[in-house]
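The values are calculated or read from the model by the stated rules, or taken from the named source; none is laboratory data. Remember, it's a predicted structure, so these values are computed and weren't measured experimentally. Every residue, glycine among them, receives a Cβ derived from its backbone with ideal geometry; neighbour counts consider all protein chains shown.
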Ligand SMILES: Nc1ncnc2c1ncn2[C@@H]1O[C@H](COP(=O)(O)OP(=O)(O)OP(=O)(O)O)[C@@H](O)[C@H]1O
Ligand SMILES: [Mg+2]
């Protein structure tokens with residue numbers, strides 16, 4: 001962050017410097033909302049949450065080195081009082097970005113949204129950008145009204161590329177995020193059914209995602225997936241130029257050709273860039289699943305739109321592995337069992353992508369899919385789960401373990417589609433699944449874990465990846 005005094009922070013946020021606090025106190029960041037992440041010089045923002053009240057941690061934050069706290073009520077450490085800490089974070093982020101943008105060697109802001117795969121693209125883009133210059137692209141999924149300003153506030157004078165993931169649970173959310181950080185390069189990855197329950201219709205999701213390209217000025221670039229009709233149609237909603245990508249297409253600026261998968265479903269492909277003449281580079285991803293070709297094309301297109309050269313882009317893509325955990329995270333255990341932990345979240349698109357990858361791997365291995373509920377799918381949720389059960393059977397997955405009440409429809413549909421008792425089982429929870437797997441797993445097996453966050457299969461995935469007797473360091477090879 002750029003250094004700011006308590007007085008400046010009060011002015012920027014419309015707050016007041018607390019009595020007894022020196023307005024000249026300077027914080028240089030990082031800005032944090034979790035007191036455990038405080039570093040010397042930090043600004044600690046206290047939120048009154050449902051489970052914990054950040055105000056109770058201000059003392060500890062200052063002891064740990066925080067220079068200043070941002071609070072909504074009096075605390076007995078140096079602080080600035082504001083009415084709404086989320087709005088204050090947004091104000092600070094806007095200020096910091098406008099200062100950084102006024103510099104001669106201004107940074108480039110790259111923002112992306114989509115129904116699935118945002119964090120994966122953000123991570124890959126972060127890897128590419130970091131090869132070209134100093135980059136802010138923190139791991140994880142900081143894509144909401146707190147995560148976006150916190151990411152912006154991590155930028156400083158040396159930052160060349162600021163990579164932002166933007167998520168939406170309703171119309172207007174992305175518009176708000178772009179009001180904090182107007183992108184120079186904005187991408188829409190896809191429009192699917194994630195959070196369909198909140199949006200009501202897929203068209204409403206497309207409208208909401210389009211807000212990201214509406215934020216571009218005429219100097220900006222809208223980076224769009226030509227293989228998704230709803231995304232391609234967004235070109236008309238942007239003042240910027242459009243740059244398109246697609247698979248096996250000859251009408252896009254960027255394309256993938258000759259996609260092949262190795263026996264762990266990791267894609268290699270020809271990256272094609274058409275800018276007057278055609279240039280190609282062969283890349284081999286360390287990411288699992290054919291859908292990662294889309295991840296790579298989106299990241300490559302955004303980087304190229306930011307002026308990064310093809311050699312740097314292809315070099316960074318080659319061998320790239322997941323940067324954030326629990327997303328197609330592949331761990332090969334010492335005993336010959338392979339664990340594919342993709343249980344960060346789940347919706348019909350990402351379930352299908354993960355199962356297809358498992359099926360490819362299954363040509364040479366026994367495959368086990370441990371699947372939990374997909375949350376937030378709205379009134380058609382049962383049908384989506386039944387479709388999933390059918391897909392498991394159609395892809396010839398050797399064993400389905402459906403976990404929890406919400407996954408009953410998956411199991412039922414698999415049985416109706418022709419699975420027998422030894423091919424599809426239902427268990428009540430992750431512990432029961434763990435017991436079942438303990439007796440079931442043998443050398444050569446590949447086990448996929450996937451569900452929405454709250455089902456907790458990712459922790460089971462971690463336990464499976466590093467069973468007792470194996471250290472974390474040995475187990476975590478992804
Ligand atoms: N193009 C794609 N098609 C289908 N599934 C995909 C695609 N890209 C990524 N996925 C899968 O989607 C899942 C979630 O990925 P990721 O965390 O990157 O998504 P996200 O959009 O950031 O999710 P969230 O909305 O929770 O932030 C992973 O299982 C990933 O493998
Ligand atoms: Mg995410």
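Key figures
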read-out: Candidate set from region 152-168 (those that are out of contact with any strand residue (DSSP E or B) (no Cβ under 6 Å at 6 or more places or on another chain) and farther than 17 Å from residue 189 by Cβ); member that is farthest from ligand 2 (Cβ to nearest atom); value: 157
read-out: Counted residues, region 324-350 - those being surrounded by fewer than 24 Cβ atoms within 10 Å (Cβ to Cβ), within 16 Å of ligand 2 (Cβ to nearest atom) and on the phi > 0 side of the Ramachandran plot; value: 1
read-out: Lone unmet requirement of (1) in a helix (DSSP H, G or I); (2) touching a strand residue (DSSP E or B) at 6+ places or on another chain (Cβ under 7 Å); (3) within 16 Å of ligand 2 (Cβ to nearest atom) for residue 120; value: (2)
read-out: Residue among 300, 256, 305 that alone is under 15 Å from residue 225 (Cα atoms), surrounded by 15 or more Cβ atoms within 10 Å (Cβ to Cβ), modelled with pLDDT of 95 or more and out of contact with any helix residue (DSSP H, G or I) (no Cβ under 9 Å at 6 or more places or on another chain); value: 305
read-out: Among (1) away from ligand 2 (no atom under 16 Å from the Cβ); (2) at pLDDT below 95, the one test that residue 138 misses; value: (1)
read-out: Residue, farthest from ligand 1 (Cβ to nearest atom), within region 149-176, restricted to residues that are over 23 Å from residue 214 (Cβ atoms) and not in a loop (DSSP other than H, G, I, E, B); value: 153
read-out: Tally of residues being modelled with pLDDT under 95 and within 16 Å of the chain's Cα centre (by Cα) across region 332-352; value: 9
read-out: Qualifying residue in region 138-148 (condition: within 15 Å of ligand 1 (Cβ to nearest atom) and buried (at least 24 other Cβ atoms within 10 Å of the Cβ)); value: yes
read-out: Residue 198, sole failed condition from (1) within 18 Å of the chain's Cα centre (by Cα); (2) within 15 Å of ligand 1 (Cβ to nearest atom); (3) over 21 Å from residue 238 (Cα atoms); value: (1)
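Per-residue answers, yes or no, for (1) away from ligand 2 (no atom under 16 Å from the Cβ); (2) free of Cβ contacts under 8 Å to residues at least 24 places away in the same chain; (3) more than 22 Å from the chain's Cα centre (by Cα); (4) crowded, with 17+ Cβ neighbours inside 10 Å:
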site	(1), (2), (3), (4)
83	yes, no, yes, no
116	no, no, no, yes
129	yes, no, no, yes
133	yes, no, no, no
